[in-house]
Amino acid sequence: RRRDLLAEGLLYLSLAAALVYWGFGSISGDQPTLHSSLRFLYCVGTGLLLWLLVKRKLTHWRTGALVLLGVGIGLSPYAYMPLASQTNPPMNWGFTSTKEGFFYSINRSQYSGKLSDQLLKTVGRVMGAAPQELLAPPEPPPGSPKPPSFQETLGKFSQLYWRKIVANFSPLAILALVAAVAFLGGLPSPIRSWIQVTALGFLLAGFLQPAFDQAGADEAAWLLYMPYLGFSHAFFVLLAGLGSGLALERFARRPSIAYGLAIPLVAGIAAFSFRQNLTFCSQREHWFGWMYGRDMLADLPKDSFVYGGTDPGRFVPTYMILSESFEPKKYKRDPNFDRRDLYIITQNALADAFYNQYIRNHYSTERPASRGWVDKWLGR
């Protein structure tokens, strides 16, 4: 039965999540994370045993095996990281040839705290393994405004998100989304279930997750959260595309009419998005980055070493030294700019113990010998 399939499938997904979390906790070196992962694994294992006691067998065990295989394949690119880090210098930003460096590289987060802390606040809270000091919110500074409630954050971010959806996909895409919902009742059950699951994913990814993260509702907050909302856009595109197809099928029975409507609609939506975003995205006559790099490097003594930190301090001088300097004079904004004599050294990670180890290995007079077959094979 479908209900049994869903329940057993959820059990397999939970088992995959528990195994991944247990592996994460095993290499973490952090006792609360390890305890939380073990308790989660025990809970899922207990659920699996109870299912076997009640049902006597795993009817869809092949599905479970495919789930575990798919998770393993999805995580397999991480196996390349230690290999890439065996060279000197490493070919990735983390010192992942060691267990500590590998865990650090997969645990760090750009904005919202370490992955281990986020898991402890969620899964660890349910497992009773999260430290109290991690669960207790920090005391706000005296006189600071009261933080917005979940409802306020959800409402404000939802307004911002819909504005961005319109700017990126046009109002017609919103109508297509409405069409997918409007035609829901007359669709076969499998397609209806597919739309419902996709809509649930769109709701969770596009609205509830940012609200739980206390996302702001201004342009700065959007630029911060935009990279993490790409998959919510994917849900939206799936729904809007299906709604467009259903609308064309309903109102344009003849293929010639459907094609005649679809082509101008597609061209119109693309033109709308292009015009809507042209001013914001165009870098024509925006020379601040060039001025920043040129003024930084132009007056340095010959054969200087340049140490770059932060993103603009790394990317801009690297481009100016290794690319702009080699351009023919007729294409340069400053024909006399040529600083190919400079040597650029930039941090390829945060200035922490792992980065310092990488610098010591690469620039120290006591350069370490090749550590593995990858290093030797590449001649590093």
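Rule-based calculations on the coordinates, nothing more; no lab input. Fair warning: this is a prediction, and the values are worked out from it, not measured in the lab. So basically every Cβ, Gly included, is an ideal-geometry build from the backbone, and we count neighbours across all protein chains shown.
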Sorted by Cβ density within 10 Å, fewest first, the residues THR279, THR318: THR279, THR318
Only Lys, Arg (+1) and Asp, Glu (-1) charged, at Cβ; the chain dipole about Cα centre in debye: 1420
More than 18 Å apart - percent of Cα-Cα pairs taken over the stretch 288-378: 55
Long-range amide H partners of VAL306 with built H, under 5 Å: TYR343, ILE344, ILE345
Estimated translational D of the chain in µm²/s (Stokes, Kirkwood radius over Cα pairs; 20 °C; 1.002 mPa s): 82
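Do any trypsin sites (Lys or Arg not before Pro) in the stretch 233-340 lie in a DSSP loop with no more than 12 other beta carbon atoms within 10 Å, and if so, which?
Values: sites: ARG250, ARG253, ARG275, ARG284, ARG294, LYS302, ARG314, LYS329, LYS330, LYS332, ARG333, ARG339, ARG340; in loops: ARG253, ARG284, LYS302, LYS332, ARG333, ARG339, ARG340.
Loop-located and lightly packed - ARG253, ARG284, LYS302, ARG333, ARG340.
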³J(HN,Hα), Karplus 6.51/-1.76/1.60, whole Hz, each residue of the stretch 60-75, x for Gly, Pro: 10, 5, 5, 4, x, 5, 5, 4, 5, 5, x, 5, x, 5, x, 8
Under 12 Å, Cβ to Cβ, from PHE183 - net charge with Lys/Arg +1 and Asp/Glu -1: +1
Set of lysines near LYS164 by C-alpha distance (under 28 Å), chain-local residues within fewer than 8 positions excluded: LYS146, LYS156
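If we count GluC sites (Glu not before Pro) as exposed when they sit in a DSSP loop and have at most 11 other beta carbons within 10 Å, what is the longest stretch of the chain that avoids them all? Write down the numbers at each step before the final one.
Values: sites that count: GLU285, GLU366.
Here the longest run is 1-284.
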Calculated [θ] (222 nm, deg cm²/dmol) that DSSP helices of n ≥ 4 give over the chain, each run adding -39,500 (n - 2.57): -19500 deg cm²/dmol
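Kindly put MET91, MET127 in sequence by how many other C-beta atoms sit within 10 Å of each C-beta, fewest to most.
Details: MET91 16, MET127 20.
The most exposed by this proxy come first: MET91, MET127.
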